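Chemist: Below you will find the structure I want to go over with you.
The values are calculated or read from the model by the stated rules, or taken from the named source; none is laboratory data. Keep in mind the model is a prediction, meaning the values are calculated, not measured. Here the Cβ is made from the backbone with ideal geometry for all residues, glycine too, and neighbour counts use every protein chain on show. Protein only, heavy atoms only, side chains kept; ligands, DNA and RNA dropped before computing areas. Shrake-Rupley method; radii C 1.70, N 1.55, O 1.52, S 1.80 Å.
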Amino acid sequence: MPLEDLMWVEKYRPSSLEDLVDQTAVKQRLMALLVKKGQLPHLLFAGPPGSGKTSTAVIIAKQILGEHWRDYTLSLNASDERGIDVVRERIKTFARFADRREGVPYRLVILDESDEMTSDGQTALRRIMEENSEHTRFILICNYSSGIIEPLQSRCVIFRFQRYDEASVTEHLKSISKKEKLRHQGDSVFAAIYEATQGDLRQAINTLQAASASGELTVESVKAVTGAAVKGRVGAVIEAALGGDFEAARTRMVELTRVYGIPERDFLKYAYETLGSMKGFDRARAVSIFAEYDFRLVQGSQPELQLAAMLAQLARLKKEG
Amino acid sequence: MVGNDEGKAKLALWLKKWKPGGRAALLVGPPGTGKTTTVHLVADDMGVQLVELNASDARTKDRLDKKLGEVIYSTSLLGKTMVFLDEVDGLAGRADYGAIDFIKDAVKKSENPVVMAANDPDSDQVKKLGSSVTKIEFRRADLQTVRQRLEAIARLEGVDFGPGEIEELARVANGDLRSAINALQAGIPARKDEELTASESINAFFDAIDEGAALAALKAYPGQPREKIRDLFTSVVRSGVHEERKSEALDVLSRADMLLGRMMRGKDWRLLRYLDPTLASELWRSLGDGGPKYTMDAVPWPLQLRIWNDSKRLKEIASAAGRRLAISQKGFMVEDMPFVLLLCSDGGFRESFVKSLNLDEGYGAFLAKEAARKTGR
């Protein structure tokens, strides 16, 4: 079985713009743009995670580049830990070596998390886009277009994706459940998935698949899966820290960042998101610790040290009662 | 000029022969071997005006363009001009983005000769310049030359040094004539701080009886500041120091690391002088008696092994799957991998997954192990 069928996020990924869930405004404007393939400008997709940005990029790649789209598409993460130079090198190599076939008007670079780059990095990216503009189109993907520097924004046509609401997510999950012939407890299951994934359709589908792997889809199986997802595991680290167990929190943090490859900045982002659902500590103090260490993480040179120091501060909240 | 007469002659010859479109000259050699002096001397000798930039200027492409554009692309009415870019191997990273490419391009088009200097022949910057430059090597002065030169200066200045002391100065300077002369002028024997091994230095810091001793221990650390902070961090974090003291110590280290990060980004190395004193007073004090011992690893050994081995395999899997699904490796790692690992506790899924990515069987066993970890079975 190919990977595309094995993973439901891929199996049920929309294959055309018509299939994309909601996002009506985006679809209409894109269809108009795609009439003249050769004149496609660079695109900037802004919106929350799991709102269809990558899926849309892939649809465009298939539509423009045809059956060999994979050979002419490069997907990169702009906040690659190894730096913008690595990104530049890979784009350069890609632009230089992949020869084109008939009917392939240009190559496509899909650059995820463009807004996580520093403004220096984005300036460098602007140069990369210029250097390769002749045969390469860029689709920049980000959560907030405000995190993208003005000169980059002005080189792209901007599309804003909306967060999926509970009704859309539930409807989509139900249709998948039907096709996969899942046995489930009813609406409470879908409510639990939505609660855990907050409109992120990719996470929701992943959760659905993993939670139903044992046979029956229940609220409990959903909870078990949620706890094992990145956000759940980061949440467990913060819980340990707030409970005063610094060493357990720290080693789990190291495991997540160094073994499971969760970038330190993502760790901090997820950690802060989970803070809202926790109780029994001085919230104002905790928030100011997060703010301080978010700053230090960006300023400093050793992220592991910074996160460890942050966890130690959180662990102290408990001692101070 | 002492030593390196050959370098001077070569530079003069290059300048004489230079025509627009010709190569730039690149003087390569360790600090204090007379590169900068040579450029000034040759320029003086030949009546050439120097336009100079060194590493203390921020040299992004735009700024280079602004400062040098005019000199490089036009002939001067006031006679010959030579552009001198000192410390080109100090051009690094993002702050000087595009500078090397700009220089290469400028050299090609320049109406005026360009001469550059660098310390490290193996630096990326020097490599990148490649065949667009004529290299002229500068070597360290030998012991004899340095000693004679120092003796001559001492005589001229009427300072009394015993022969043994001059010998010692010359030896310690290790061919760096500039530092030897500086030391001579300061009237103190230029004894480089005695270096210890990393563990000796870190342990001496923790065992220091006062701040002064703590500072001396840090100064004797053999590696880079970043490694020093890392070693202090791992030792503190793995120690049995009381939690409250530990969190204070980590706060100090976190601020020190922030200072270091700023320095590295801005290449503002003069800030470095604050690093050791800050650590010596704040970190040493926060730890109190019975401090930690030198420890190299930040985490227990089994986890360290997983960092080395398992993380690599997970990344390979994420990279292969990401390519297949048109998402980045990181995207797959964060968004999908945890779910895939859960699903891999099912043998059928695991087998199909490994097969669909053309991975070898070792990965099947690896994923089974990871899945068991995830589900806690």
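Chemist: Assuming 0.36 nm per residue, please report the length gained on full extension of the stretch B:Gln148 to B:Asp122 beyond their Cα-Cα distance.
Modeler: 6.2 nm
Chemist: Rounded to the nearest 500, what is chain B's calculated 222 nm mean residue ellipticity when only DSSP H runs of at least 4 contribute -39500 (n - 2.57) each, over all residues?
Modeler: The per-residue figure over chain B is -17000 deg cm²/dmol.
Chemist: Sort B:Trp14, B:Trp308 by heavy-atom solvent-accessible area, probe 1.4 angstrom, most to least.
Modeler: Largest accessible area first, the list is B:Trp308, B:Trp14.
Chemist: Restricting to Cα pairs below 8 Å that are 6+ residues apart, what does the relative contact order work out to for the range B:192-264? Please round to a whole percent.
Modeler: The normalised contact order for the range B:192-264 reaches 27 percent.
Chemist: Rounded to the nearest 100 Å², what is the buried accessible area between A and B, both sides summed, probe 1.4 Å?
Modeler: 5800
Chemist: What accessible surface, in Å², does a 1.4 Å probe find on A:Cys156, ignoring ligands, DNA and RNA and rounding to the nearest 10?
Modeler: Surface open to solvent at A:Cys156 totals about 20 Å².
Chemist: Here's another thing I want to ask about it. Which GluC sites (Glu not before Pro) from the range A:70-177 combine a DSSP loop assignment with at most 10 other Cβ atoms within 10 Å?
Modeler: Sparse-neighbourhood loop GluC sites (Glu not before Pro): A:Glu102, A:Glu134.
Chemist: Ok, one more. Given an 8 Å cut-off on Cα distances and at least 6 residues of separation, report the relative contact order of chain B as a percent.
Modeler: Reported as a whole number, the value is 13 percent.
Chemist: Still on this model: Any idea of the accessible area per residue across the range B:195-295, 1.4 Å probe, to the nearest Å²?
Modeler: 47
Chemist: If I take R0 = 35 Å and measure r between the Cβ atoms of B:Tyr274 and A:Arg283 in this structure, what FRET efficiency does the formula 1/(1 + (r/R0)^6) give, to the nearest 0.05?
Modeler: The computed FRET efficiency comes out at 0.50.
Chemist: Still on this structure: Which trypsin sites (Lys or Arg not before Pro) in the range A:267-313 pass both tests, a DSSP loop state and at most 16 other beta-carbon atoms within 10 Å?
Modeler: Sites meeting the loop and neighbour criteria: A:Lys279.
Chemist: What are the ³J(HN,Hα) values, in whole Hz, obtained from phi via the Karplus relation 6.51 cos²θ - 1.76 cosθ + 1.60 with θ = phi - 60°, for each residue of the range A:135-140 in sequence order, with x given for Gly and Pro?
Modeler: 10, 9, 10, 10, 10, 8
Chemist: For chain A, what does the accessible surface come to per residue with a 1.4 Å probe? Please give it in Å².
Modeler: The answer is 44 Å² per residue.
Chemist: I want the local charge near A:Ala192. Using Cβ-Cβ distances under 12 Å, sum +1 for each Lys or Arg and -1 for each Asp or Glu among the other residues.
Modeler: -3
Chemist: In nanometres, what is the gap between the two model label sites at B:Ile209 and A:Gln162, each 7 Å from Cα along Cα-to-Cβ?
Modeler: For the pair B:Ile209/A:Gln162, the computed spacing is 7.5 nm.
Chemist: If I take all pairs of Cα atoms in chain A, what percentage of them are more than 34 Å from each other?
Modeler: Counting pairs separated by more than 34 Å, the tail of P(r) holds 32 percent.
Chemist: Now for a separate question. Could you pull out every residue, at least 5 positions away or on a different chain, whose amide H is within less than 5 Å of the one on A:Val157? Hs are placed 1.01 Å off N in the peptide plane, and Pro or chain starts have none.
Modeler: HN-HN under 5 Å from A:Val157: A:His42, A:Leu43, A:Leu44.
Chemist: Now, a different point. Counting other Cβ atoms within 10 Å, keep those with at most 10, restrict to DSSP loop, and tell me which trypsin sites (Lys or Arg not before Pro) in the range B:186-283 are left.
Modeler: When the trypsin sites (Lys or Arg not before Pro) of the range B:186-283 are filtered for loop state and at most 10 Cβ neighbours within 10 Å, B:Arg191, B:Lys192 remain.
Chemist: Helix B:35-45 sits at what angle to the longest principal axis of chain B, using alpha carbons and giving 0 to 90 degrees rounded to 10?
Modeler: The answer is roughly 30 degrees.
Chemist: Now for a separate question. What distance in nm separates the simple spin-label points at B:Leu305 and A:Lys178, each placed 7 Å from Cα in the Cβ direction?
Modeler: With each label placed 7 Å out from Cα toward Cβ, I get 5.1 nm.
Chemist: Show that you can apply the helix-only estimate: for chain A, add -39,500 (n - 2.57) for every DSSP H stretch of four or more residues, divide by all residues, and state [θ] at 222 nm to the nearest 500.
Modeler: -17000 deg cm²/dmol
Chemist: Sticking with this structure for a sec: Classify the protein assembly as shown from the C-alpha gyration tensor, please: rounded if a/c falls under 1.5, else prolate or oblate depending on whether a/b exceeds b/c.
Modeler: The shape class here is oblate.
Chemist: Around A:Val109, which amide H atoms from residues at least 5 apart in sequence, or from another chain, sit under 5 Å from its own amide H, with H modelled in the peptide plane?
Modeler: A:Leu74, A:Arg137, A:Phe138, A:Ile139
Chemist: I'd like the mean, over residues of A:63-70, of how many other protein chain beta carbons sit within 10 Å of each residue's own Cβ.
Modeler: Taking all residues of A:63-70 together, the mean is 1.
Chemist: Hey, another quick one. From the backbone phi of the range B:245-256, what are the Karplus-calculated ³J(HN,Hα) couplings (6.51 cos²θ - 1.76 cosθ + 1.60, θ = phi - 60°) in whole Hz, Gly and Pro given as x?
Modeler: Taking θ as phi minus 60°, the curve returns 4, 4, 5, 5, 4, 5, 5, 4, 5, 4, 5, 4 Hz for the range B:245-256.
Chemist: I would also like to ask the following. Near the amide H of B:Met116, under 5 Å away, which other amide H atoms are found, from residues 5 or more places off or on another chain, if H is placed in the peptide plane?
Modeler: Sorted by chain and number, the residues that satisfy this are B:Ala25, B:Leu26, B:Leu27, B:Leu85.
Chemist: Mind checking Rg over Rh on chain B, alpha carbons, Kirkwood formula for Rh?
Modeler: 1.09
Chemist: Less than 12 Å Cβ to Cβ from B:Arg139, Lys/Arg counted +1 and Asp/Glu -1: what total charge do the surrounding residues give?
Modeler: Neighbourhood net charge equals -3.
Chemist: Can you send over the carbon and sulfur percentage of the accessible area for chain B, probe radius 1.4 Å, protein chains only?
Modeler: The nonpolar share, carbon plus sulfur, comes to 50 percent.
Chemist: Each residue of the range B:262-272 in order: what ³J(HN,Hα) in whole Hz does its phi give by Karplus 6.51 cos²θ - 1.76 cosθ + 1.60, θ = phi - 60°, with x for Gly and Pro?
Modeler: 4, 4, 5, 5, x, 6, 9, 5, 5, 5, 4
Chemist: Please report the accessible area of A:Thr197 (heavy atoms, 1.4 Å probe, ligands and nucleic acids excluded) in Å², nearest 10.
Modeler: Rounded to the nearest 10, that gives 20 Å².
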